[in-house]
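Visitor: I'd like to ask you about the structure that follows.
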Amino acid sequence: MLLPALDRMFITSVWLQCIIYGVNCVLFGVCMYVIFIRNKRAHWIVPLSCIFHFSMATAHIIVSFLYALQGLTNPAVISVPNGSTLYFASVTAFWSTLTGLYLFNVLVLHFLLIWRFYLVWNRNLVIAIILLILEVGHLSTALAAWAVVTHSRDIFESTALHVATALFILNLVLTIFLTSGIAYRLWRAGADTFDLTGHNAYKPAIYTIIQCGAIYTSSIVVICVLRLSGKPAGLVAPYVGIQFATLTPLLLIVSLKFGVRHDET
């Protein structure tokens, strides 16, 4: 059986991670400047979410480096034919840690979007409860996929692949719904006050939310396409996805603070 070159794919994913992580470092620095110097009265959730997402991205980079060292330089691994590929295709502590960091980061990102959705929809508790139920379903699917893979000790297990594919599709649907729902509510609010202002006062914020949401959504689409096509690259694509899940909220804060505040008083 011809094994996929997971070792090369993993190195490629780490390289892409490092590029996006460099962007995240710059955005995180700008966010801290904006929050603690320019806007000291920011809601406590804003700096907390920035620090959390950046910490997850940093931890993921460190664990990925250690994972690569173990799989590509450990004599016990590379002495076996196709040892590195077999190592990256098996369930290890490093694999579990990377997967857990990605899922935890996405989970918090969704809760942050649900919180914003709840605020712009006039604190509608019914909608918030429905969204939380959907998020619980998303989390349950993630735990089910994790349990299947951990039990079989093989990331190529067919049942786990199907469950993981459903997980990413559900993630995609939730992200699109939350982003479009927030943008629509802001558009309606701007349309309702159009007669008073002569323009849609929320238009810059709407464009910013859609653009930032599209970045993360695009990364999920790529993962879903790779999963549905059965490409082995779909196994390592989520390693890059966590950096996009961090970039999105950081870029959103920077864009809103500098762009919208500059254009709209």
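Visitor: List the DSSP H helices in the chain whose Cα atoms stretch 24 Å or more along the helix axis and whose mean Kyte-Doolittle hydropathy is at least 1.6.
Guide: Taking the DSSP H segments of the chain (at least 24 Å long, mean hydropathy at least 1.6), we get 125-152, 237-254.
Visitor: Moving to a separate point now. Can you order the peptides 237-243, 118-124, 173-179, 136-142 by their average number of other Cβ atoms within 10 Å per residue, highest first?
Guide: 237-243, 173-179, 136-142, 118-124
Visitor: Between residue 115 and residue 62, what is the spin-label point distance in nm, taking each point 7 Å from the Cα along the Cα→C-beta axis?
Guide: 2.4
Visitor: Among (i) 13.2; (ii) 14.5; (iii) 15.1, only one was calculated for this model; which label is it, if the read-out is mean projected area of the Cα convex hull in nm²?
Guide: (iii)
Visitor: Working out 0.36 nm times the residue gap between residue 92 and residue 19, then minus their Cα-Cα distance, what length gain in nm do you get to one decimal?
Guide: Using 0.36 nm per residue and subtracting the Cα-Cα distance, I get 23.7 nm.
None of the figures in this text is laboratory data; all of them are computed from the coordinates on show. No experiment lies behind these values; they were computed from the predicted model shown. Cβ coordinates were reconstructed from backbone atoms using ideal geometry, including for glycine residues, and neighbour counts include every protein chain displayed.
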